[in-house]
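Novice: Encoded as structure tokens, here's the structure I'll be asking about.
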Amino acid sequence: MLKTKMFIAFSAVSLFIVTLTCLMFDYKNVSDIKSQTFALSDTITRQFSRTFELYVQDIEKLSVSIIGDSIIQSSLIDHYHAGDPVIQNEIELTINNRLFTHLQSRSQLQSIYLFTLDQNAYFVSKASGPKVSFHLKDEIWYPRTAEIIKNKFILLPVCEENTGGDRREKVISFVRNINRIPYRDILAYMKININVNVINDMLVMSDANEFERSMRVLIVTDQGDIVYDDKDELTGNTHSGLGKSAFQKSPHSGELTWMGQRYLYTIEHSDYTKWNTVILTPKDFLLSKQKKSQYILVLAGLLATVLIAFVSYILSHQITIPLRNLMKKMTRVEQGDFSQYMAVTGNHEISRLSRIYNNMLDSISRLISEVYESKLAEKNAQLSALQAQINPHFLYNTLNIMKSISRVRGIEEVAEMSESLAELFQYSMKNLQHPVPLREELNHIDNYMNIQHHRFGSRFELHVSVPEHLLQASVLKLTIQPLIENAMIHGLGKMKAGGRIELQAMQSGGSFVIEVSDNGQGMDKEQLEELRNALQHTAHSSRIQDQSYGIGLSNIRERIRLFYGAEYGMELESSQGRGTTVRITLPFTDQDNWNREEASDEYISGGG
């Protein structure tokens, strides 16, 4: 049923379009969400990394202030020369007082250590916790003293410090050397312990939205040690799996699986602190946001599909009812009832089809009345065609009879003309589209010129120059004789004597060229250009038909083009008072080879 097929086709195409649109929109939505996530994460990552760098720079300035403190400088120098324990206690009290002065102004600093090269340590802390580091060589960073000298300072990942009672605080250590001013030799090493909670203050966002709250902010070393975790779950954790290798595929942003969960990440490496700021966004959170959009898309797609299906059903119903009526009436017409006309209402396609159908019925009725006259006219046309076939043969036979009678009665000129004319008819009547050797075309020209000599006497003469090996070259029938005729009529027509026509043939590579030249009146540039354009462009065909000399040239050129291809054809050269040259170019083919190929083709096509 056409109605069912139309409904199914419309519905299927509509469903495909709606589904494709929803998928493309969903893909675009996911892509936009990921792009926005990466953009926002990248901004926060860079800002947080920069903020932390500024804080460490502030700590570095504090360390420079401590190093430049003249009391601390002199006290450290005295430390190496003091042998009396009482003097040593005075030095320790002086250094600790100066250190506490610097410590007190920084709210998030936990403690400051000064390690002398002779294994002594000075210590101040804001809490009441005891000193836990006593000797330089016991520090885990001691093997890295060369790195400290090279980079001015190093940052140590999180460790815990006893702050009194049972309380322990997580701290980050800033370590650098203290040089004697102005000699630059090392007097001691300084360690400033910073409470990790200072990083929390950097991340406080009172107006954070749900998306920002879902992010996880980490500071990670290149080895994967977690310096800071804003969730306070993994701060101080070592070998977390977030080392450099986790970000090798995409060093700035991408996706990774960490602790059994998929994340989008952005990372910013600080050349100053040598640490990495990483922001992780759970992919599940993004998918939950995406599902809301997917629900809306599915609902909109279903509504659109139902609506399109309903419209498709109505449309197919309206189309098929008139077609069904038309089909019934055409069935009656097929049975011979030509009175089954359709009612025409409106101007839509079905109405136009009905109008055409009614016109067709009128035409059928009219044709039925004319068919008998047509059959009679056809019989008469067949008889005329048979007569037309007989006439050329009748004329050829008649000319042969005239030739015989003229020879019997001694009228040799009439006999020669009759014989030449008979051969002209015989040559022209059979196999016009088959190529012949150039020799036969030249024989045909001889017969034609024999008749013209009897007619015009010695007003003009033909000179033929054809190499022996070209006499067997293949040419189409009647391609050269019309050129000779044009030269006589249009080129030499007004000459009373001295007319000359030259026919030459020459080989050029795989082609051979035939030239027909005359010494007649020729053409000026405008006439020559007009004739060339008329021969070259079919748009000028109506113009060329008005020129009798052009009909033969046009026919010859068209036959060559159709038989041999567009690369072969005809050229014209002429100048006023100096005559005209017509040059045709044909592929060089030996007629014997052409006959063998033709016979082979006929053998194959005949199933031989």
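The values are calculated or read from the model by the stated rules, or taken from the named source; none is laboratory data. Keep in mind the model is a prediction, meaning the values are calculated, not measured. Neighbour counts run over all protein chains shown; Cβ positions are idealised from the backbone, glycine included. The protein model used for the area step is the full one, side chains on, heavy atoms only, and it has no ligands, DNA or RNA in it. Shrake-Rupley method; radii C 1.70, N 1.55, O 1.52, S 1.80 Å.
Novice: Give the long-range amide H neighbours of THR235: residues separated by 5 or more places, or on another chain, with amide H under 5 Å away, using H modelled in the peptide plane at 1.01 Å from N.
Specialist: ASP229
Novice: What part of the accessible area of the stretch 19-131, given as a whole %, is carbon or sulfur when the probe is 1.4 angstrom?
Specialist: Working: 3330 of 5760 Å².
It is 58 percent, rounded to a whole number.
Novice: May I ask you to order 144-151, 266-273 by the average number of other C-beta atoms within 10 Å around their residues, highest value first?
Specialist: Numbers: 144-151: 13.0, 266-273: 18.4.
Going by the mean number of other Cβ atoms within 10 Å, highest first, we get 266-273, 144-151.
Novice: Quick one: what are the phi-derived ³J(HN,Hα) couplings along the stretch 230-235, Karplus 6.51/-1.76/1.60 with θ = phi - 60°, whole Hz, x for glycine and proline?
Specialist: Once θ is set to phi - 60°, the couplings for the stretch 230-235 become 5, 7, 6, 9, 10, 4 Hz.
Novice: Another one. Would you mind working out the magnitude of the charge dipole of the stretch 1-139 relative to its Cα centre, with +1 at each Lys and Arg C-beta and -1 at each Asp and Glu C-beta, to the nearest 20 Debye? The partial results should precede the final answer.
Specialist: On the way: 12 positive and 14 negative charges, 285 e Å.
My answer is approximately 1360 debye.
Novice: Once R0 is set to 45 Å, what does the formula 1/(1 + (r/R0)^6) return for the Cβ-Cβ distance between ASP118 and THR51, expressed as a FRET efficiency to the nearest 0.05? Write out the running numbers ahead of the final one.
Specialist: Values: r = 39 Å, r/R0 = 0.87.
For R0 = 45 Å, the calculated efficiency reads 0.70.
Novice: Please list, ordered by chain and number, the residues whose modelled amide H lies under 5 Å from the amide H of VAL124; skip anything fewer than 5 residues away on the same chain.
Specialist: Amide H neighbours of VAL124: ILE112.
Novice: Separate question: Pop out the ³J(HN,Hα) list for the stretch 519-531 in order, Karplus 6.51 cos²θ - 1.76 cosθ + 1.60 with θ = phi - 60°, rounded to Hz; leave Gly and Pro as x.
Specialist: Coupling constants for the stretch 519-531: 10, x, 6, x, 9, 7, 4, 5, 5, 5, 5, 5, 5 Hz.
Novice: Once amide H atoms are built 1.01 Å from N in the peptide plane, which residues 5 or more positions from GLY520, or in another chain, come under 5 Å H to H?
Specialist: Hits under the 5 Å cutoff: GLY579, THR580.
Novice: Could you give the distance between the Cα centres of the stretch 113-171 and the stretch 60-77, to the whole Å?
Specialist: With the stretch 113-171 and the stretch 60-77 each reduced to a Cα centre, they are spaced 17 Å.
Novice: I would also like to ask the following. For a protection proxy built on the mean count of beta-carbon atoms within 10 angstrom, sort 530-536, 307-313 highest first, please.
Specialist: Numbers: 530-536: 17.4, 307-313: 15.0.
In descending order of packing, they fall as 530-536, 307-313.
Novice: Same structure again: Applying the Karplus parametrisation 6.51 cos²θ - 1.76 cosθ + 1.60 with θ = phi - 60° to the phi angles of the stretch 178-194, what ³J(HN,Hα) value in whole Hz is obtained for each residue in order, glycine and proline being reported as x?
Specialist: Along the stretch 178-194, the couplings run 10, 9, 6, 8, x, 7, 6, 7, 7, 9, 6, 10, 10, 10, 10, 8, 10 Hz.
Novice: If the limit is 29 Å between Cα atoms, which of LYS34/LYS152; LYS34/LYS61; LYS152/LYS244; LYS152/LYS231; LYS61/LYS274 go over it?
Specialist: Values: LYS34/LYS152 40 Å; LYS34/LYS61 40 Å; LYS152/LYS244 24 Å; LYS152/LYS231 32 Å; LYS61/LYS274 18 Å.
Cα-Cα > 29 Å for LYS34/LYS152; LYS34/LYS61; LYS152/LYS231; rest within.
Novice: Multiply the residue gap between MET330 and VAL298 by 0.36 nm, knock off their C-alpha separation, and tell me the result in nm, one decimal place.
Specialist: Working: separation 32, 0.36 × 32 = 11.52 nm, distance 4.67 nm.
Gain on stretching MET330 to VAL298: 6.8 nm.
Novice: Of the trypsin sites (Lys or Arg not before Pro) in the stretch 225-265, which ones lie in a loop per DSSP and count no more than 13 other C-beta atoms within 10 Å? Walk me through the numbers before you get to the answer.
Specialist: Working: sites: LYS231, LYS244, LYS249, ARG262; in loops: LYS231, LYS249.
Passing sites in the stretch 225-265 are LYS231, LYS249.
Novice: Can you tell me the order of 476-485, 132-141 when each peptide is scored by its average per-residue count of other Cβ atoms within 10 angstrom, highest first?
Specialist: On the way: 476-485: 20.1, 132-141: 14.2.
Order by mean packing, descending: 476-485, 132-141.
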